[in-house]
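Written out below as structure tokens is the structure these notes cover.
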Amino acid sequence: MRLLLEIALTHVRGRARQTIVSVAGVTLGVGFAIAMAALMQGSQDEFVTTLIDAMPHVQITDETRTPRTQPAERAYAAVEIHGLRPRDDPRGILNPVEALAGLRSWVPGAISAGLNVSGVARYGGTDRGVSILGIEPEDELRVSKIAQDMTSGKFSDLVGGGFAAVIGDSLAERLGAGLNDSIRISASTGVARNFKIVGLFHTGVVATDETMVYVRLKSAQVLAARQNAVNDIRIRLGDPDAASAVAARAEELLALKSVSWQEANESILEAFAVRNIIMYTVVAAILVVAGFGIFNIVSIITHEKARDIAILKSIGFRDRDMRLVFMAEGALMGGLGGALGAGLGAALTAYMGTIEFEFREATEVTHLPVTWNWIHYAIAVGLALATAALAGYLPARRAAQGNPVDIIRGAT
Amino acid sequence: MSVPLVEARGVTRILPLTVPVRLVEDVDLAVGPGELVAITGPSGSGKSSLLYLLGILDAPTSGEILLNGEKTHAMTSDQRAALRLRGIGFVFQFHFLLPEFSVIDNVAIPMRRLGALSGREIEARSADILTRLGLADHMRKRPEQLSGGQRQRVAVARALANDPPLILADEPTGSLDSAASEQVFEILSDIAGQDGKSVIAVTHDTDMAERMDRRVHLIDGRIVSDERRRPERPTGRAPGPGAAGIPLE
């Protein structure tokens, strides 16, 4: 094998300029493939992380995926019901205390029960539609990152007594209100109360910052005119990837719609999957193009070295020895290009990670998101090696199959 | 004659071109251990083609080639390559040395491919062969730094590397001046008979052919005469696995 490698090396050295060009092609292909993968993966990871941080991993609401079975349907085989309206519409999770106790017994994470009420916030003659979320601040802090998003006041000040609210900074700006101001919140039930602003937050999600109002659960129940009502259970898990399984089990136990963060963002995750397929297809195409360079140079070498092939075969080298020589040449170029490309990819990734830019509406400086993942390197270098080996194999096979006598006759 | 070292039985080789070309036709030839055989004939008479067939570098269209009485027709390409590696040394009209390798490295190639000796042993044996062929001062040179005669002697050294019992030479002096030709002929002549080695050489040089043990003359691919000038040489080596020691894989 060492002899075959030596022969391969002499051939490659004999075509130094073309070899450098071929290796450069592979290097660029691998380098940019790695950098592109790092950027794509980085943006995806950052997006998913933001998503996971911004929303509960599992959300249980007082809805069902299919309408409840009516007693008449249970009693008769053929029943058709039109215009069904309950006598009363007590929306909310039945027996929330029992439901929460049941969940706490097996869910590997924090749970927060809440009440969503829609309403209007008024301050100084300005009205804004708002989404009021009643929560227990202690529980809420365990399931969301709201504490990190606070720009004024403290989220825990909600427990200070009286009617207190924490609102988005954009909403406060629209209302013209500030910290410690008192705004009047009217719920859709007609109940209205004055709430003191004890905190402002900025999540970066416009819809949240412009409409969300956090109040204590009891306050929300007053606004909804429903004591002890809960219509929203939010769960934060230690392992976000377990959300689908937890949601499925919760739905089975409570018979209420339980949505994991993956389900809630299914279309976005699908878009990422499609984007990844496109990216790896482009990467493969780049490396195949680089492989053409190797194919070209190995073809030239096999043509130039036809006489040597004939002589080596006359000495007693086997066809597969000759194939190995030329495949080794392809692999050498692919390996060298792959190694240099990995270095280039790492350098490009590091450089991109330092690039800073500012969004017009955000105050913070943002870096290009990049992810360091050895799988990107393995895929790019592996593809380069495979392409190079194939690019070497095709001319090598042809060269090895040639009849040495024809070549010797031609040479003499 | 003992079991022939190499034997052609009814060998015909036809090139399958648009108009098929008969290179060798119905040739019967047996060469025993220790013989120095000249194959002569006009250009296009099939001399080289016969040599390649005897060296199992090419396969006959019909008939069969036997080495040590062993039929080669059914052998795989790998088996034939192994047989060439251990049992046959080729010398061509043009030296056909690998230009990127030094003289000693060229000679070492067959031994390294065989893998029977250590690196140090290969180096020592290569140096020994080159010294015996008068090339002791040129071992580290590249082929392009040598004269035509010296290169051809290196080619002979390479053919001898694995100590094969059969040396096949295709016009070994065809591109050399008379002095270099004489040197190469003397070397081939010396080789023949050593340890039962046989040398079959294709040549246009009638003087050289006259000085060899046996002369096989071809016209239009057929043997028209097979003259033995000297009796068979005694072989100096006891036959190995085959009659002339060609080890079969």
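The values are calculated or read from the model by the stated rules, or taken from the named source; none is laboratory data. Fair warning: this is a prediction, and the values are worked out from it, not measured in the lab. Note that each Cβ is placed from the backbone with ideal geometry, even for glycine, and that neighbours are counted across all protein chains shown. With ligands, DNA and RNA removed, areas are computed over all heavy atoms of the protein, side chains included. Shrake-Rupley method; radii C 1.70, N 1.55, O 1.52, S 1.80 Å.
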*Working only within the range B:10-47, note down all residues that are surrounded by fewer than 20 Cβ atoms within 10 Å (Cβ to Cβ), touching a residue at least 40 places away in the same chain (Cβ under 8 Å) and under 19 Å from the mean Cα position of the chain (by Cα).*
B:D28
_For the structure I just gave you, tell me whether A:D406 is under 24 Å from B:P99 (Cβ atoms), open to solvent by 10 Å² or more (accessible area, probe 1.4 Å), of a type in the set (D, E, K, R) and at pLDDT 85 or above._
no
*asked:* Cβ-Cβ under 7 Å, sequence separation 6+ or interchain: first residue in the range A:222-239 and open to solvent by 10 Å² or more (accessible area, probe 1.4 Å), partner hydroxyl-bearing (S, T, Y). Which pairs?
replied: A:A224/A:T189; A:A225/A:T189; A:N231/A:T61; A:R234/A:S112
*Quick one: is A:T64 exposed (fewer than 14 other Cβ atoms within 10 Å of the Cβ), free of Cβ contacts under 8 Å to residues at least 60 places away in the same chain, β-branched (V, I, T) and closer than 30 Å to A:N116 by Cβ?*
no
*Filter the range A:300-322 for residues that are more than 7 Å from chain B (Cβ to nearest Cβ), open to solvent by less than 60 Å² (accessible area, probe 1.4 Å) and over 15 Å from A:L4 (Cβ atoms) and give the result.*
A:I300, A:A306, A:A310
*Search result, residues across the range A:185-212 that are under 38 Å from the mean Cα position of the chain (by Cα) and open to solvent by 30 Å² or more (accessible area, probe 1.4 Å)*: A:S188, A:H202, A:T203, A:G204, A:V205, A:V206, A:A207, A:T208, A:E210, A:T211, A:M212
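Quick grid of which residues meet (1) among the hydroxyl-bearing types (S, T, Y); (2) at pLDDT 85 or above; (3) surrounded by fewer than 18 Cβ atoms within 10 Å (Cβ to Cβ):
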position	(1), (2), (3)
A:G335	no, yes, no
A:R360	no, no, yes
A:T363	yes, no, yes
A:I375	no, yes, yes
_Among the residues listed as A:R122, A:R65, A:R142, the single one being under 29 Å from A:F201 (Cα atoms), basic (K, R) and under 29 Å from the mean Cα position of the chain (by Cα)_ = A:R142
_Subset of the range B:63-100 (residues that are open to solvent by 10 Å² or more (accessible area, probe 1.4 Å), free of Cβ contacts under 8 Å to residues at least 60 places away in the same chain and facing another protein chain (nearest Cβ under 8 Å))_ = B:S77, B:D78, B:R84, B:E100
*Unmet requirement for B:L114, which otherwise passes all of (1) within 9 Å of another protein chain (Cβ to nearest Cβ); (2) out of contact with any Ser or Thr (no Cβ under 9 Å at 6 or more places or on another chain); (3) more than 21 Å from B:G196 (Cβ to Cβ)*: (3)
*Go through the range B:137-147 residue by residue and tally those that are away from chain A (no Cβ under 14 Å) and either open to solvent by 50 Å² or more (accessible area, probe 1.4 Å) or in contact (Cβ under 8 Å) with a residue 40 or more places away in the chain (or both).*
6
*Identify the single condition in (1) in a loop (DSSP other than H, G, I, E, B); (2) open to solvent by 40 Å² or more (accessible area, probe 1.4 Å); (3) more than 10 Å from chain A (Cβ to nearest Cβ) that B:E121 does not satisfy, given that it satisfies every other one.*
(1)
*Go through (1) in a helix (DSSP H, G or I); (2) of a type in the set (A, V, I, L, M, F, W, C); (3) touching a residue at least 24 places away in the same chain (Cβ under 8 Å) one by one and return the number of the condition A:A273 breaks.*
(3)
*Looking at (1) more than 14 Å from chain B (Cβ to nearest Cβ); (2) touching a residue at least 40 places away in the same chain (Cβ under 8 Å), can you tell me which one A:V12 breaks?*
(1)
*in contact with a Ser or Thr (Cβ under 7 Å, 6 or more places away or on another chain) and either within 14 Å of chain B (Cβ to nearest Cβ) or within 30 Å of A:A38 (Cα to Cα) (or both), is that true of A:G341?*
yes
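Do we have B:A209 as crowded, with 18+ Cβ neighbours inside 10 Å, out of contact with any helix residue (DSSP H, G or I) (no Cβ under 9 Å at 6 or more places or on another chain) and not polar (S, T, N, Q) here?
yes
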